[in-house]
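Here is the structure we will look at, set down as structure tokens.
The values are calculated or read from the model by the stated rules, or taken from the named source; none is laboratory data. This one's a predicted model, so the numbers in the text were calculated from it and none came from an experiment. Cβ placement follows ideal geometry from the backbone for every residue including glycine, while neighbour counts extend to all protein chains displayed.
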Amino acid sequence: GNSVTQMEGPVTLSEEAFLTINCTYTATGYPSLFWYVQYPGEGLQLLLKATKADDKGSNKGFEATYRKETTSFHLEKGSVQVSDSAVYFCALSDPAGANSKLTFGKGITLSVRP
Amino acid sequence: GAGVSQSPSNKVTEKGKDVELRCDPISGHTALYWYRQSLGQGLEFLIYFQGNSAPDKSGLPSDRFSAERTGGSVSTLTIQRTQQEDSAVYLCASSATGTYHYEQYFGPGTRLTVT
């Protein structure tokens, strides 16, 4: 079945540090890939997505590239801010599946200190 | 415009009681999903509705769980004879279509605590 594996957390960084959060996946078909973010006290919201190989999703300074050869979708940001402190979830939706449900990784908590 | 809303935001119930959780999706969205977020299991898919088609119930953990969607809009998730392991945050999401690359919009969730 489908699965998403994220690096273990939590992650604590200083402001302006470089961020990488690793995500790899297993899927039956050719999935769409997503990063969702959950800010403290708020609901899940889409951060970025990519729907085919070599696509790069980007938003709010975050980027992730769909790498089919390594089945990865790592999230990066060049300079994190305190406001980026949140829980980040990597997810996939598999067109070969019975429906368009999202399969999520376990999430990773990012804390950015001033 | 209005996002996905869920009610109640918090629910505390005694073991063995039945609970109903409500979801109002974004108007016009044909696809509706329920997920469960718990410390031990992460985010799990529960059930999917698409238009007037029969729902995909493949993620429901037991026959104590059921859901319906009336008029292609509001959905209710019912848990009968609640158990402590049902304690979690129940999330509802909707999407403009059931297409796999479309964004899902999530509600704020209902935190269920079974005592």
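Tabulated data
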item	result
Residue in segment B:25-34 that is surrounded by the fewest Cβ atoms within 10 Å (Cβ to Cβ), counting only those that are part of a strand (DSSP E or B) and touching a residue at least 60 places away in the same chain (Cβ under 8 Å)	B:ALA31
Tabulated pairs, segment B:101-115, first within 12 Å of chain A (Cβ to nearest Cβ) and on the phi > 0 side of the Ramachandran plot, second modelled with pLDDT under 95 and assigned to a loop (DSSP other than H, G, I, E, B), C-beta under 8 angstrom, 6+ apart or interchain	B:GLY109/A:GLY43
Counted residues, segment A:80-114 - those being part of a strand (DSSP E or B), touching a residue at least 60 places away in the same chain (Cβ under 8 Å) and within 14 Å of chain B (Cβ to nearest Cβ)	10
Unique residue being surrounded by fewer than 18 Cβ atoms within 10 Å (Cβ to Cβ), without any contact (Cβ under 8 Å) to a residue 12 or more places away in the chain and farther than 20 Å from A:LYS101 by Cα when the list is B:GLY71, B:GLY42, B:GLY16	B:GLY71
Segment B:1-13, residues that are surrounded by 14 or more Cβ atoms within 10 Å (Cβ to Cβ) and either touching a Pro at 6+ places or on another chain (Cβ under 8 Å) or at positive phi (or both)	B:VAL4, B:SER5, B:GLN6
Per-region count, segment B:40-53, residues more than 18 Å from B:SER95 (Cβ to Cβ) and in a loop (DSSP other than H, G, I, E, B)	2
Exclusive hit being of a type in the set (Lys, Arg) and either surrounded by 20 or more Cβ atoms within 10 Å (Cβ to Cβ) or more than 26 Å from B:THR30 (Cβ to Cβ) (or both), set A:LYS52, A:LYS56	A:LYS56
Selection from segment A:87-102 of residues that are buried (at least 20 other Cβ atoms within 10 Å of the Cβ) and more than 23 Å from A:TYR30 (Cβ to Cβ)	A:TYR88
Test: A:GLU76 is acidic (Asp, Glu) and without any contact (Cβ under 8 Å) to a residue 40 or more places away in the chain	no
